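Working notes for the structure below.
Here, each number is a calculation from the coordinates, and none is a lab measurement. Just so we're clear, the structure is a prediction, and the values are computed from it rather than from any experiment. Glycine gets a Cβ as well: all are built from the backbone with ideal geometry, and neighbour counts include every protein chain shown.
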Amino acid sequence: MAKTALLFALSFISALTLAQNENSHMCSKRDAFGVQMKSASLSVNQIAETERYDVHFYALDLEMSNLSTDVAGTGEIHGTAREALDSVLFELYDGYTISDIRLNGVSSTYSRVGTAIKVPVNITQGTNFAIEIDYSGTPPNGASTPFGGSGMSNDSSPTWGNQVTWSLSEPFSAYEWWPCKQSLTDKADSCAVKLTVPDNCMAGSNGLLEAVVDLGNGTKRFEWMHRHPIDYYLISVAVAEYVEYNVYANPTGAPNPILIQNFIYDNPATLTNFQNEIDETADFVELFSDLYGMYPFADEKYGHCMAPLSGGMEHQTMTTQGFFVKSLTAHELGHQWWGDNITCASWSDIWVNEGFASYSEYLMLENMYPNETTLDMQDRHDNIMSSPGGSVWVLDSLNEGRIFSGRLTYDKGAAILHTFRFILDDDAAFFNALQNLQVNFADSTMIGLDVKEELEASSGLNLTDAFQEWYFGEGYPTYSARWNTIGSDLILEVTHTTSSSTPTFTNPLEIQFSRVIGVDTTIRVDIASNLEQYVIPNLGNANSLVSIDPNNWIINEVGTTVKDPNFTLAIQNLELKDDYVISPNPSNGNYLIETEMSGEHAYSIFDTRGRLIENGSFENAIQLDLTQQLNGNYIVQLTNNSGEKRVKILVKN
């Protein structure tokens, strides 16, 4: 998703350049994991009730127009009981008038408390049900909901003048315009959307447009069907006076050309202005199909519906987009793999969506506009380092700005993927891992540590430290170097300090030297501590250190670099210890945490879904017992008496 200038700066800058930027329509974002509240409207107990059944189909049959956000019609929820159920609970904005609710085709009683609606069902485990809700009214706006509305918007494009009604449900605004269960981990198997609109309009949605029916009364019904699993917030509608402009992609291995169906403002200048950029979408589909595996919805389509928002939203198979520039188009298309086919299992791991989509922009540049990659990654690094701390993993996931932080979730999320690729030092293994993820988690959800495990399986490396430092950790290193030559050998010392709570970054590092005779030479060294010394034999006559990390693989600043004629390897070795020591790790579930820091220390242990397992406090040491927990990865947050935090990974096997 890229919806505002704050959250998607590169797209906004491009839009300013083209004078095509649109109004910002930010939706609220709230958490989706553990025992914490994960909707703007339901209590924890009500959320638990929704988890007693599985959704397998949504159907909407709505009347809409491009002139207001009003909706009227029927929403259907088809599901299966996970256990014996006395009732089914779902969400719908409480400002709507409900004229009837039917259970399996028969009118039913129901209760309604705020946005929570309960329909009595009295069914056994494994029983299917279908609930139809006839409703009408006006969705909420920013003044009428606690987190600002935005499930459905209506506005005119300030650039093109076209008036549009469009949905934008991420993360918990779907209930503002249709009855649903808002759970990331319960994807519907399919969905059908029928939209009756004025006959001067067109209506876009997910999947295939199976029919356009002229109803003979000044309206038309657009009938869409999507036959792939889909998360609730990715179901969408957009209504405007559009023209249809279609192109086709031909990825290697695709049995048929892939339709790219575009609903563009019916304005003579709009398509002319954006046609070249829209055409390039086909090249991006072909590229990402090579890198990630075949476009996940190749049997249906990809496409765009224009709406006056300052960015885009990756609605499955049909992105809602305000304008067309290559970075924005590549980002939203990348989401079809990362965010749609695979969706984050909790908002703590939003990196699965936004970090990968942001890195898709870079990969597009690398393969098609290579001269732009250096500036792209450097701009990301500069934004990340504009503040000293912050992790990619989101602990405070009730904070909407933090979930969708442009600095951390988008830019740092993309930059650490670049770092992991560098650590693997094997593009075949890196992209093989990404393709395996698309197979293993297709139509499903995953967490960040699933990425770690697949990268490890593909490369044979242990990436626990890398993920602890770059994904869960905070800050970045500042590298300094001193060096000398002895004959044809180079001796080198690299030290680093860090900007925030992560004390040490253990990753490879490239350093570029120029030589008196011959081309510049880049050496790759492993960094395991805050001070490292190396002997590089037979380098030749190095005469200057040109650059540390010349290819921007690592988020870093450079301190001092100096040639020291008095430097020899006899200098004392500075031994920097981590402030918390955990042993053994991995283990069978017993861990000893020790520290030399005085005072009281707090600890909290979470599973990878963000659920609190245990918490407490200690002084110098504590023995943790996770032997009764399942094997896998756990996260421990440690806080000293000064409020400084560390995040560590515990591996249980």
So the FRET efficiency between Ser108 and Ser156, C-beta based with R0 = 60 Å and rounded to 0.05, is 0.90
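So which of Lys326/Lys452; Lys118/Lys181; Lys452/Lys652; Lys452/Lys648; Lys194/Lys326; Lys194/Lys220 end up more than 20 Å apart, counting from Cα to Cα?
Table pairs above 20 Å Cα-Cα are Lys326/Lys452; Lys194/Lys326.
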Checking segment 68-113 for trypsin sites (Lys or Arg not before Pro) in a loop per DSSP with at most 14 other beta-carbon atoms within 10 Å yields Arg82
Taking R0 as 45 Å and r as the Cβ-Cβ distance between Asp465 and Ile517, the FRET efficiency 1/(1 + (r/R0)^6), rounded to the nearest 0.05, comes to 0.70
Extension length gain for Ala211 and Tyr369 (0.36 nm per residue less Cα distance), in nm, is 52.9 nm
Relative contact order as a percentage, segment 370-431, C-alpha pairs under 8 Å and 6+ apart, gives 32 percent
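Rounded if a/c is under 1.5, else prolate if a/b is larger than b/c, else oblate: which is segment 581-652, with a ≥ b ≥ c the root eigenvalues of its Cα gyration tensor?
The shape class here is prolate.
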Of the DSSP H helices in the chain, the ones reaching 20 Å or more along their long axis in Cα terms and averaging at least -0.5 in Kyte-Doolittle hydropathy are 351-368
Across 10 Å bins beginning at 0, the whole-percent shares of Cα-Cα pair distances in segment 9-337 come to 6, 26, 34, 23, 9, 1
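What's the whole-number percent of alpha carbon pairs in segment 288-392 lying beyond 24 angstrom?
For segment 288-392, the fraction of Cα-Cα distances above 24 Å is 27 percent.
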The residues Trp553, Trp351, sorted from fewest to most surrounding Cβ atoms within 10 Å, come out as Trp553, Trp351
